[in-house]
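**Student:** Before anything else, here's the structure in question.
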Amino acid sequence: MEFFRNPNIDFLGKKWYFLAFSLVFSVAGVLSMLFWHGIPLGVDFRGGTLVYVKFSHAPDYNAIRVAMDRAGLLNARRQRYGPVTNNEVLIALEEKETSEQALDRGKVQIINALESNAPQGKLDLNNTSSLALTSYLLQKDPLRAGTDANQRYAAQAQAIVNYRDKTRGGVLSSFDELKGVADPAVIAALREGFYLSDFGVRNVEIVGPQVGKQLQTQAKLAVLYSLAGMLVYLGFRFEWIYGVAAVVTVFHDTLITVGAFSLANKEISLTVIAAILTLIGYSNNDTIVIFDRIRENLKLMRREKLADVVNKSINQTLSRTILTAGLTFLTVLALYLFGGEVLHGFSFALVIGILIGTYSSIAIAAPILVAYQDWRTKRKQGPMVTAGKESRRRAV
C-alpha cells in the first residue's frame with residue numbers, strides 16, 4: 001500500500017527551515033527547564049506523600065490551592081485523577097519521611113486544610129475510620145447494648161464505613177443515605193456528634209526521598225545505556241557516522257519531549273520515562289529504515305551526489321513512514337484523550353514523541369550525513385560517505 005506514488009520532495013533543500021523549527025522548540029524547552037518551570041519531577045523521583053481526595057461535586061482547583069496555601073502547604077501539587085465524573089483530585093505533598101506517622105500526617109494536613117468551615121465540636125463522618133466511629137458509639141451507647149456492646153458497635157461502624165467507601169465512593173451527602181445500613185438509633189447519635197464534609201480522603205501513599213533519588217539515577221542510566229547501545233549497533237551495522245546521526249536525532253527528540261513537559265508543567269513520572277524509552281526505540285527504528293534505503297541506493301547510484309541519494313531514499317520510504325507513524329499516532333492520541341489521568345503523562349509523551357521522532361528521522365538524521373560528507377569533501381578526506389565495508393570495496 002502506498003500513501004504517495006513516486007513523490008519527489010526536496011527535503012534537504014528545506015533543511016534550514018527544519019533547523020529553525022528544531023531550534024525554536026529546543027531553545028524554548030531549555031529555557032523553560034532552566035528559568036521557568038524546571039524539570040517537573042513527579043513524586044516518584046522527588047519523594048513525598050500522595051493523597052487521593054474524592055469530592056461530592058466538581059472540585060474547584062483554585063479553592064483547593066487557596067486552602068493549601070492557607071494551611072502552609074505552599075508546594076503541594078494538585079491534579080485531576082481518574083475520569084472527570086469521579087470528581088477526584090490527587091494532591092502531592094513534599095513529605096520527606098516514610099513512616100506510618102508520615103502517612104497519617106499527610107492525611108491530617110489535607111483534611112485540616114479543606115475543612116475550613118467545620119462545625120465546632122463535631123467530627124467529619126466522611127473522614128472517620130471505623131475504629132474512631134466504634135469508639136464514639138461505645139461512648140454514646142445509643143442501642144443500650146450491654147455486655148456485647150463492643151461487638152455490636154464495631155459491626156455497625158464497619159457497615160457504615162463499607163457503605164461510604166465501597167457503595168458511595170468515599171463521600172456521603174446525607175445521613176439519610178445510611179437508612180437500612182445502620183440502626184436508626186445509631187444514625188440519630190451520629191447526627192449529634194458528626195457532620196458531613198463535601199470530600200473524603202480515599203487513599204494515602206508515600207515515596208521516600210532515598211527511593212526517589214535511586215529512581216532518578218536508574219532513569220538516567222536507562223536512557224544513557226539505550227543511546228550507547230544504539231551507537232554501537234549502528235556503528236557495526238552501517239558506519240560510525242550513522243550511529244552518531246541516530247544518537248543526535250534521538251537526543252533531539254528527547255530534549256523536545258522533556259521540554260514540552262516543562263513548558264506544559266506536567267510531572268515526569270516513571271511511566272513517562274517508560275514512554276521516552278519507547279520513543280527512543282521507535283525513532284531509531286524509523287531512522288534505520290531510511291538509513292538502510294540510503295545504503296542500498298549508494299550501491300546503485302555510486303555516481304550520484306550523496307544529497308540526491310538521500311533525497312531519493314527519503315521519498316522512497318515516505319509512504320511507509322507516514323502510514324506507520326500515522327496509525328501509531330492515532331492509537332496514542334486515543335490513549336491520550338480517553339486513557340484517563342493515570343496514563344495522561346505516558347500518552348502525552350508518546351503523542352509528542354511520535355510526531356517529533358517521525359519528523360527528525362527525515363529532517364535531522366539524514367541532513368547530518370550530508371553535512372558530514374560536505375565536511376569530508378572540504379577536508380579532502382574522501383569523496384563520499386559509504387554505507388559499509390562492502391560499499392567501500394566496490395567503490396575502490
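**Student:** Pick from segment 96-112 the residues that are under 17 Å from Asn203 (Cβ atoms) and at pLDDT 85 or above: which of them is surrounded by the fewest Cβ atoms within 10 Å (Cβ to Cβ)?
**Tutor:** Val108
**Student:** Inspect all residues belonging to segment 161-174 and state whether any of them is within 30 Å of Gly72 (Cα to Cα) and in contact with a His (Cβ under 8 Å, 6 or more places away or on another chain).
**Tutor:** No: segment 161-174 contains no residue that is within 30 Å of Gly72 (Cα to Cα) and in contact with a His (Cβ under 8 Å, 6 or more places away or on another chain).
**Student:** Which ones in segment 289-328 are free of Cβ contacts under 8 Å to residues at least 40 places away in the same chain and in contact with a Leu (Cβ under 7 Å, 6 or more places away or on another chain)?
**Tutor:** Of everything in segment 289-328, just one residue is free of Cβ contacts under 8 Å to residues at least 40 places away in the same chain and in contact with a Leu (Cβ under 7 Å, 6 or more places away or on another chain), namely Val309.
**Student:** Restricting the search to segment 332-378, which residues are out of contact with any Ser or Thr (no Cβ under 9 Å at 6 or more places or on another chain) and of a type in the set (Val, Ile, Thr)?
**Tutor:** Listed by number, the residues that qualify are Val351, Val370, Thr377.
**Student:** Could you say whether any residue in segment 202-217 is in contact with a helix residue (DSSP H, G or I) (Cβ under 9 Å, 6 or more places away or on another chain), within 30 Å of Tyr61 (Cβ to Cβ) and at pLDDT 90 or above?
**Tutor:** no
**Student:** Please find, among Asn86, Asn62, Asn127, the residue that is among the polar types (S, T, N, Q) and within 22 Å of the chain's Cα centre (by Cα). So that I can check it myself, show each step before the final result.
**Tutor:** Working: Asn62 fails: within 22 Å of the chain's Cα centre (by Cα); Asn127 fails: within 22 Å of the chain's Cα centre (by Cα).
Criteria check complete, one pass: Asn86.
**Student:** Take the conditions over 11 Å from Leu133 (Cα atoms), assigned to a helix (DSSP H, G or I) and in contact (Cβ under 8 Å) with a residue 12 or more places away in the chain and apply them to Tyr153. Does it pass?
**Tutor:** Working: over 11 Å from Leu133 (Cα atoms): no; assigned to a helix (DSSP H, G or I): yes; in contact (Cβ under 8 Å) with a residue 12 or more places away in the chain: yes.
In short, no.
**Student:** Further question on the same structure: Consider Ala157 against the criteria (1) closer than 25 Å to Asn112 by Cβ; (2) under 37 Å from the mean Cα position of the chain (by Cα): it satisfies all of them except one. Which criterion is unmet?
**Tutor:** That leaves (2) as the condition not met.
**Student:** Moving on to the next point. Report, by residue number, each residue of segment 111-138 that is within 14 Å of Ala154 (Cβ to Cβ) and among the small types (Gly, Ala, Ser).
**Tutor:** Ser129, Ser130, Ala132, Ser135
**Student:** Moving on. For the list (1) crowded, with 17+ Cβ neighbours inside 10 Å; (2) not assigned by TED's automatic domain parsing to the domain that holds Ala245, I need the number of the one condition that Asp141 fails.
**Tutor:** The number of the failed condition is (1).
**Student:** I would also like to ask the following. Using the structure shown, decide if Leu306 is within 16 Å of Leu369 (Cα to Cα) and of a type in the set (A, V, I, L, M, F, W, C).
**Tutor:** Yes; evaluated as a whole, the condition is true for this residue.
**Student:** When segment 265-288 is examined, which residues are found to be part of a helix (DSSP H, G or I) and in contact (Cβ under 8 Å) with a residue 60 or more places away in the chain?
**Tutor:** To start, the set of residues in segment 265-288 that are part of a helix (DSSP H, G or I) comprises 270-288.
Once the filter is applied, which keeps residues that are part of a helix (DSSP H, G or I) and in contact (Cβ under 8 Å) with a residue 60 or more places away in the chain, segment 265-288 yields Leu270, Thr271, Val272, Ala274, Ala275, Ile276, Thr278, Leu279, Tyr282, Ser283, Asp286, Thr287.
**Student:** So, one more: In this structure, is Gly235 surrounded by 15 or more Cβ atoms within 10 Å (Cβ to Cβ) and assigned to a helix (DSSP H, G or I)?
**Tutor:** Numbers: surrounded by 15 or more Cβ atoms within 10 Å (Cβ to Cβ): yes; assigned to a helix (DSSP H, G or I): yes.
The answer is yes for Gly235.
**Student:** Would you confirm whether or not segment 158-166 contains a residue that is modelled with pLDDT under 95 and at positive phi?
**Tutor:** Looking through segment 158-166, none of the residues is modelled with pLDDT under 95 and at positive phi.
**Student:** Also: Of a type in the set (Gly, Ala, Ser), farther than 30 Å from Asp183 by Cβ and assigned to a loop (DSSP other than H, G, I, E, B): which single residue out of Gly121, Gly38 fits that description? Step through it out loud before you land on a result.
**Tutor:** Numbers: Gly121 fails: farther than 30 Å from Asp183 by Cβ.
After ruling out the rest, the residue left standing is Gly38.
**Student:** Check whether at least one residue in segment 157-170 is among the hydroxyl-bearing types (Ser, Thr, Tyr), assigned to a loop (DSSP other than H, G, I, E, B) and surrounded by fewer than 17 Cβ atoms within 10 Å (Cβ to Cβ), and report yes or no. Lay out the reasoning, then the answer.
**Tutor:** Of segment 157-170, the ones among the hydroxyl-bearing types (Ser, Thr, Tyr) are 163, 167.
Now drop any that are not assigned to a loop (DSSP other than H, G, I, E, B), which leaves none.
Among the residues of segment 157-170, not one is among the hydroxyl-bearing types (Ser, Thr, Tyr), assigned to a loop (DSSP other than H, G, I, E, B) and surrounded by fewer than 17 Cβ atoms within 10 Å (Cβ to Cβ), which makes the answer no.
**Student:** Quick check, is Leu333 surrounded by fewer than 17 Cβ atoms within 10 Å (Cβ to Cβ), in contact (Cβ under 8 Å) with a residue 12 or more places away in the chain, within 17 Å of the chain's Cα centre (by Cα) and part of a helix (DSSP H, G or I)? Spell out how you get there, then give the answer.
**Tutor:** Working: surrounded by fewer than 17 Cβ atoms within 10 Å (Cβ to Cβ): yes; in contact (Cβ under 8 Å) with a residue 12 or more places away in the chain: yes; within 17 Å of the chain's Cα centre (by Cα): yes; part of a helix (DSSP H, G or I): yes.
For Leu333, the condition - surrounded by fewer than 17 Cβ atoms within 10 Å (Cβ to Cβ), in contact (Cβ under 8 Å) with a residue 12 or more places away in the chain, within 17 Å of the chain's Cα centre (by Cα) and part of a helix (DSSP H, G or I) - is met.
**Student:** Could you grab me the full set of residues in segment 1-56 that are within 19 Å of the chain's Cα centre (by Cα), within 30 Å of Leu172 (Cβ to Cβ) and either surrounded by fewer than 20 Cβ atoms within 10 Å (Cβ to Cβ) or among the β-branched types (Val, Ile, Thr) (or both)?
**Tutor:** Val43, Thr49, Val51, Tyr52
**Student:** If you don't mind, another one. List every residue pair whose Cβ atoms lie under 7 Å apart, where the two residues are 6 or more positions apart in sequence or sit on different chains, the first residue falls within segment 228-245 and is among the hydroxyl-bearing types (Ser, Thr, Tyr), and the second residue, located anywhere, is surrounded by 12 or more Cβ atoms within 10 Å (Cβ to Cβ).
**Tutor:** Tyr242/Leu234; Tyr242/Phe291
The values are calculated or read from the model by the stated rules, or taken from the named source; none is laboratory data. Predicted, not measured: the structure shown is a model, and the values here were computed from it. Cβ: placed from backbone, ideal geometry, glycine included. Neighbour counts: every protein chain shown.
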